[in-house]
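Every read-out reported here was derived from the displayed coordinates using simple, explicitly stated rules and does not represent laboratory data. For clarity, every value in this text was computed on a predicted model and none was experimentally measured. Using ideal geometry, Cβ is built from the backbone for each residue, glycine included, and neighbour counts are taken over all protein chains shown.
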Amino acid sequence: MPLWSFMVLLFHISSSAAISCYGDSGQAVDWFIVYKLPKVPWSKSPDEGMKYMYQDAQSGGWLPGKSLMNNTASAVGRTLSQLYGSSKAKDVAYVLYNDQAPTGNADAIRGHTKGVVLLDKTQGFWLVHSTPHFPLPVEQKYGWPHNALHNGQSFLCVTYPYSQFKDIGTQLLYNTITAYNSSIPDDFSQDLPDLKAASQKKYVSKPPWNRQVTLTSAGGKNFTSFSKNMRFGDDLYSGWVSQVLKSDVYVQFWLNSHGTLLSNCSLDYHTYDIRAIRFTSTLNFSSHIDHSKWCVTGPEVPGWTCIGDMNRNLQEEHRGGGTVCVMDPVVWKSFYSLVSNYSICA
């Protein structure tokens, strides 16, 4: 049996009762990616706006979601269901963060970041996503916000061993997250001081203003996290990620924001704004109705895909945020094939 297959098998056996990402079939998985599809304006289906595409290490690329985003049987729903009822638990730690939290006003100064961390002393997951007002606090229950029906959204969930959450906490500190629901018991905070600090809305106070780290999942797969502080003062993609990956990158982000940056060909490696997405001949849509945040390298350097929570605009050059990248030919092909139109440089 190949080493990678053995590690995946070992992960499934050892993590059956542990906190984990959960896939569309209800099984614990090392990682998954979900692409929530936009609502088609002409459809009258009550399910429209809650459909999604799904992939994990075993899917071989995109598969139609087996459920709906508002259902606890969905991959995101199953995974986040582990949160609810844990508000008084002393053997778990969690942080829910969103610059557009379910309650309260949007924070336009701190990091443009959205995600969830949940862990025990064995392992846990880090879910990075793009959805405003999501998810609800742990004292409530899983649900899908009505405001998030219309646009596309992206999700990357990775299961990590406990040791990796020290670095994850530091990445979130760089991101200057806005935590709106969190619990870091004392015995966790001793091991994970930056995760505790990030949950308390603290931030990096001295350079460097960006940090890159390799995180290894419970199943042994490497992910590269890029996190920048507001004082980095440049675009995440053109000013950093593309130059590190040594490739042109094609970026999907919210094109309707103010001060959107144009495609950039001024550096060694170029950054192009995606304009349209195509899954199939009948499933395609404009990036103007897609709020997801991801980028993919070009065919000259195939393999890298990044999923995060930042746009390309002037304001976000001066806000924290980041992206998580993976070198995987199947994931790369599944994302690169989505790019049906992009803006060339002027």
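Among the listed pairs Lys206/Lys293; Lys51/Lys293; Lys114/Lys293; Lys36/Lys114; Lys39/Lys293, those whose Cα-Cα separation exceeds 20 Å are Lys206/Lys293. Between Ile344 and Ala106, the simple spin-label model (points 7 angstrom out along Cα→Cβ) gives 3.3 nm.
Note on the chain: GNM, Cα springs under 10 Å; of Pro41, Pro145, Pro132, the largest mean-square fluctuation is that of Pro41. Please give the FRET efficiency for Gln58 paired with Lys90, using the beta carbon to beta carbon distance and R0 = 56 Å, rounded to the nearest 0.05. The calculated FRET efficiency here is 0.95. Modelled label positions at Val213 and Gln200, each set 7 Å beyond Cα in the direction of Cβ, lie 1.8 nm from each other.
GNM on the chain, C-alpha springs below 10 Å: top fluctuator among Gly124, Gly239, Gly322? In this elastic network of the chain, the residue with the biggest mean-square fluctuation among Gly124, Gly239, Gly322 is Gly239.
In the elastic network of the chain, a GNM with C-alpha springs shorter than 10 Å, the most mobile of Phe335, Phe285, Phe134 is Phe285. The slack between Leu314 and Asn284, meaning 0.36 nm per residue of separation minus the straight C-alpha distance, is 8.0 nm. Sort out the exposed loop GluC sites (Glu not before Pro) in the chain (DSSP loop, at most 14 other Cβ within 10 Å) and tell me the longest stretch that has none. Counting at most 14 other Cβ atoms within 10 Å as exposed, the longest clean stretch of the chain is 140-299. Going by the alpha-carbon gyration tensor, a ≥ b ≥ c the square roots of its eigenvalues, is the range 13-114 rounded (a/c under 1.5) or, if a/c is not under 1.5, prolate (a/b greater than b/c) versus oblate? Oblate, since a/c reaches 1.5 and b/c is not below a/b. Estimated at 0.36 nm per residue, the fully extended path between Asn256 and Val244 surpasses their Cα-Cα distance by 1.6 nm. For the range 233-307, just say rounded, prolate or oblate: build the C-alpha gyration tensor, square-root its eigenvalues into a ≥ b ≥ c, call rounded for a/c under 1.5, and beyond that prolate if a/b exceeds b/c, oblate if not. Verdict is oblate for the range 233-307. Each residue, Ser25 and Lys121, gets one label point 7 Å from its Cα in the Cβ direction; the gap between the two is 3.4 nm.
Calculated mean residue ellipticity at 222 nm for the chain: -4000 deg cm²/dmol, from DSSP H runs with n ≥ 4 weighted as -39500 (n - 2.57), summed, divided by the residue count and rounded to 500. The shape of the chain comes out rounded: with a ≥ b ≥ c from the C-alpha gyration tensor, a/c is under 1.5.
When the chain is described by a simple charge dipole with +1 on each Lys and Arg Cβ and -1 on each Asp and Glu Cβ, the residue from Trp304, Leu149, Pro161 located farthest towards its positive end is Leu149.
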